[in-house]
Amino acid sequence: MNFSYTETIILSIYVIAYFSAFLAVLKRFWASKELRKKSLSPLFIFNMILFSAGLAISFWYDYSPNISQFITIYGLLAIGVYVATIEVPGFLMLDSYDEKSVVLLQDIKDSLIKSRYHFSEGIQKIHSMLDNNKQRLEELHAYDQLKYYEDSSSEMNQANTSVFDLLLMSTNQWIKDCDEQSKHPFPKLVDILSLAGLSFLIAQFLK
């Protein structure tokens, strides 16, 4: 494309701001201690690669856009790349992660109930799931309570009935919370855009 001086300045600021923002977000997700967030970090790398490719392709065209066309083209490029590399795959990845978490909690719930009537078999399964899924369960705020039940029950050599009912209710709540939490990579962004959309409709209505 053939750019005017003003468009060249705008494009330079736009590219610097875009990459700076995404590098900051990538760093935050990459350094996260939460598996759920950290799993999304490669998507930001794909986003920057595809965005760079889109910029390179746009430079090859022999075309001189006016300022409104220029803003539209690069605005749509940013939105399209974001949707293709982060929003859609991020939704699918979070949905898969949460589904696996729900399945894990359901298995733990079944093992809890089994430990009440077939103690050895149930508590062994709980012990195995706690060992193999410690970080995921810590993220779900479930590990400490389950570990306490396992330890106290093992010491007693029977299900700790004093905490069993409360733990079972907590497990049901963890399953519900996990199943219902937002699958969008940036749930706050959805809230902001929803509010912006609502404000626009109200403004149109009041005209």
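Quick note: the coordinates plus some simple rules give every number you see, no bench work behind them. Small disclaimer: the values here were computed from a predicted structure and weren't measured. Note that each Cβ is placed from the backbone with ideal geometry, even for glycine, and that neighbours are counted across all protein chains shown.
If a helix is a whole DSSP H run, which ones in the chain reach 15 Å or further along their own axis (Cα) and hold a mean Kyte-Doolittle hydropathy of at least -0.5?
5-30, 41-60, 67-82, 88-117, 119-132, 161-180, 187-206
Assuming R0 = 25 Å, can you tell me the calculated FRET efficiency for the pair residue 155 and residue 103, based on Cβ-Cβ distance, to the nearest 0.05?
With a Förster radius of 25 Å, E is 0.30.
Let me know the shape class of segment 42-87, please: from the alpha-carbon gyration tensor, a ≥ b ≥ c as square roots of the eigenvalues, rounded when a/c is under 1.5, otherwise prolate if a/b is greater than b/c, or oblate.
Cα axes put segment 42-87 in the oblate bin.
Considering only Cα-Cα distances, which of the following residue pairs are longer than 26 Å: 125/188; 38/176; 147/188?
Over 26 Å Cα-Cα: 125/188; 147/188.
If you take every residue apart from residue 73 with its C-beta less than 15 Å away from the C-beta of residue 73, what net charge results, scoring Lys and Arg +1 and Asp and Glu -1?
Around residue 73, the charge tally is -2.
Less than 19 Å apart at the alpha-carbon level, and either on another chain or at least 8 residues along: which lysines does that give for residue 33?
Here the lysines satisfying the reach criterion relative to residue 33 are 100, 134, 183.
For segment 5-94, compute Rh as the Kirkwood radius over C-alpha pairs and then the Stokes-Einstein diffusion coefficient at 4 °C and 1.567 mPa s; write the answer in µm²/s, rounded to an integer.
After rounding, the answer is 91 µm²/s.
May I ask you to sort 115, 52 by Cβ crowding, counting other Cβ atoms within 10 Å and putting the fewest first?
Final ranking by Cβ density, sparse to dense: 52, 115.
Compute the distance from the alpha-carbon center of segment 5-64 to that of segment 108-126, in whole Å.
Spelled out, the Cα-based centre of one part sits 49 Å from the other.
Under 18 Å between alpha carbons, and skipping anything fewer than 8 positions from residue 114 in its own chain: which aspartates and glutamates qualify?
Excluding near neighbours in sequence, the set is 150, 151, 155, 165.
For 79, 71, what ranking results if the residue with the fewest other Cβ atoms within 10 Å of its Cβ goes first?
79, 71
For the chain, just say rounded, prolate or oblate: build the C-alpha gyration tensor, square-root its eigenvalues into a ≥ b ≥ c, call rounded for a/c under 1.5, and beyond that prolate if a/b exceeds b/c, oblate if not.
Prolate, because a/c is 1.5 or more and a/b exceeds b/c.
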